[in-house]
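Below: the structure, in structure tokens.
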Amino acid sequence: MPQIEKSTRVREAISLDRPWVTVVWDDPVNLMSYVSYVFRSYFGVTAAEAERLMLQVHNNGRAIVATGDRESMERHVEAMHGYGLWATLDRSEA
Amino acid sequence: MEFRREDSGTVSAMFEPIEVDLLRNVTSQLLQMLGSVDADDAAMLAQPVIRRLLPDAYPNDPQAADEFRRFTADGLLEGKLANATTVLSALGDDEGADATADYPGAAPAHDPLPVPIVLTEQQVQSWLRTLTDLRLVLADRLQIDPHGMPQLDDEQSHVVNDIYNWLGMVQESLVYAIDM
């Protein structure tokens, strides 16, 4: 499954020419267990992937949790704000 | 206080009456604060605590950030208000004036019984979000630094910090109850 997802992402990146990304930032308030739960329940990722993203946020200060068109990323950011997570959107650097 | 999932799908925990009062108290304050936010008031939106509840979606583009906030702030605030109202309703009615005297250290006039708190899946979602909002507001008040340590060290802040940590415990207990 991860293989398929990866190739989908690559295709998206090519066709949209620098898509948008949803970034979740580390904050000292939100609990790791909660952040992990939000990733799992909102984005529907596996527990392992949610944990990986959460640790990336925690250790690197931020993680890209979604890639796509601007409208979808705004929807994700709004949802993250609803959960109380610190999220932003930006142009993909790729 | 520890939440457990029931066979029926609900989660439940026994709260000490003092815990119910505490949560009711801080949630009422949150409701009041959220209710006073005017999404068209730029000065109000510039306050750090509001900026954390409604963060900039575009950190490098103030204009786009303003526009995003204009489209989302009302809905987000409505959601936060509805969540806090849901939390309050699950806590039941205020027991009366003497309840406010039951803070740590104060000798209770009687030995109050723990209160069962039972939450549906939907109520849990509101609780998780409101507990986060409460912690974000208290973190601002305590000036929690990037390492999670409060920068204020006066007596009042110690009490607030205890509440902040307790709210985190409640949230973690809820997450484990529904996520494990």
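Mind listing whichever residues of region B:1-60 are among the basic types (Lys, Arg) and under 18 Å from residue B:127 (Cβ atoms)?
Answer for region B:1-60, where residues must be among the basic types (Lys, Arg) and under 18 Å from residue B:127 (Cβ atoms): B:4, B:5, B:24.
Filter region A:73-94 down to residues that are within 13 Å of chain B (Cβ to nearest Cβ) and not in a strand (DSSP E or B), then give me how many there are.
Residues in region A:73-94 being within 13 Å of chain B (Cβ to nearest Cβ) and not in a strand (DSSP E or B): 15 in total.
Residues that are assigned to a helix (DSSP H, G or I), at pLDDT 95 or above, of a type in the set (Val, Ile, Thr) and surrounded by 17 or more Cβ atoms within 10 Å (Cβ to Cβ): does region B:132-148 have at least one?
The answer is yes; a qualifying residue exists.
Has region B:18-35 got any residue that is among the hydrophobic types (A, V, I, L, M, F, W, C) and not in a helix (DSSP H, G or I)? Walk me through how you get there before you give the answer.
Our first condition is that a residue be among the hydrophobic types (A, V, I, L, M, F, W, C); within region B:18-35, this holds for B:18, B:20, B:22-23, B:26, B:30-31, B:33-34.
Pick out the ones that are also not in a helix (DSSP H, G or I) and you get none.
Checked against the condition, which is being among the hydrophobic types (A, V, I, L, M, F, W, C) and not in a helix (DSSP H, G or I), region B:18-35 yields no hits at all.
List every residue pair whose Cβ atoms sit under 9 Å apart, with the two residues 6 or more apart in sequence or on different chains, where the first one lies in region A:82-94 and is among the acidic types (Asp, Glu) and the second, anywhere, is part of a helix (DSSP H, G or I).
Close Cβ pairs satisfying both conditions: A:90/A:73.
Looking at residue B:176, is it surrounded by fewer than 17 Cβ atoms within 10 Å (Cβ to Cβ), part of a helix (DSSP H, G or I), facing chain A (nearest Cβ under 10 Å) and at pLDDT 90 or above?
So residue B:176 passes the test.
Please work out which residue is nearest to the other protein chains (Cβ to nearest Cβ), limiting yourself to region B:47-65 and to residues that are open to solvent by 70 Å² or more (accessible area, probe 1.4 Å) and either out of contact with any helix residue (DSSP H, G or I) (no Cβ under 9 Å at 6 or more places or on another chain) or hydroxyl-bearing (Ser, Thr, Tyr) (or both).
B:60
Suppose we filter A:78, A:49 for residues that are within 29 Å of residue B:81 (Cα to Cα) and open to solvent by 40 Å² or more (accessible area, probe 1.4 Å); which single one remains?
Just a single option satisfies the conditions, and that option is A:78.
Against the condition farther than 24 Å from residue B:165 by Cα, at pLDDT below 95, of a type in the set (D, E, K, R) and open to solvent by 20 Å² or more (accessible area, probe 1.4 Å), how does residue A:11 come out, does it pass?
Here the answer is yes, as residue A:11 does meet what is asked.
When you scan region B:46-97, how many residues do you find that are over 29 Å from residue B:17 (Cα atoms) and outside any helix (DSSP H, G or I)?
Result for region B:46-97: 10.
Can you tell me which residue within region B:121-145, out of those that are basic (Lys, Arg) and at the interface with chain A (Cβ under 7 Å from one of its Cβ atoms), is farthest from the chain's Cα centre (by Cα)?
The extreme case among them is B:129.
The values are calculated or read from the model by the stated rules, or taken from the named source; none is laboratory data. Please read these numbers as outputs of a predicted model, since none were measured by experiment. Backbone-built Cβ (ideal geometry, glycine too); neighbour counts: all protein chains shown. Side chains included, ligands, DNA and RNA excluded: accessible areas come from the protein's heavy atoms. Shrake-Rupley method; radii C 1.70, N 1.55, O 1.52, S 1.80 Å.
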